[in-house]
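See below for the structure under consideration.
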Amino acid sequence: MAQQEAERARFVVDKAMQEKRSVIIRAQGEAKSAKLIGDAVRDNPGFLQLRRLEAAREIAGTLSKSTNRLFLDANSLLLNVNDAQGMDLGSRPAAPVAAAPVVAAPVVAAAEE
């Protein structure tokens, strides 16, 4: 019985150490990712436009799979095409533009029979 308790305690300690390493590695990866994104934004103003287009494509793809009907304007999709300053890749905007929140009706799943 004592041997089982010792094995269980070792397992718990090993699991905690593994989780600790996992959290550290994840945090290091996120820090490096944030630095790389910051460098890309600083060095290439077109990077933000690319990210906006990727976000719009992801939103449109998600909404296209929904059974709900939802109409979004360019601002909701983060594609403010009429904003000359936002589309000018040669200059940097003075302040970030706040995006309008995307609100969708809740999806009701059919009950399993």
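So, counting K/R as plus one and D/E as minus one, what does the shell of residues with Cβ under 14 Å around ARG26 add up to? Local charge sum for ARG26: +1. Between VAL41 and ALA16, the modelled label-to-label distance comes to 3.8 nm, taking each label 7 Å out from Cα in the direction of the beta carbon.
A straight chain from GLU7 to PHE71 at 0.36 nm per residue would run longer than the Cα-Cα distance by 17.2 nm.
Quick note: the coordinates plus some simple rules give every number you see, no bench work behind them. This is a predicted model, so every value here is computed, not measured. Note that each Cβ is placed from the backbone with ideal geometry, even for glycine, and that neighbours are counted across all protein chains shown.
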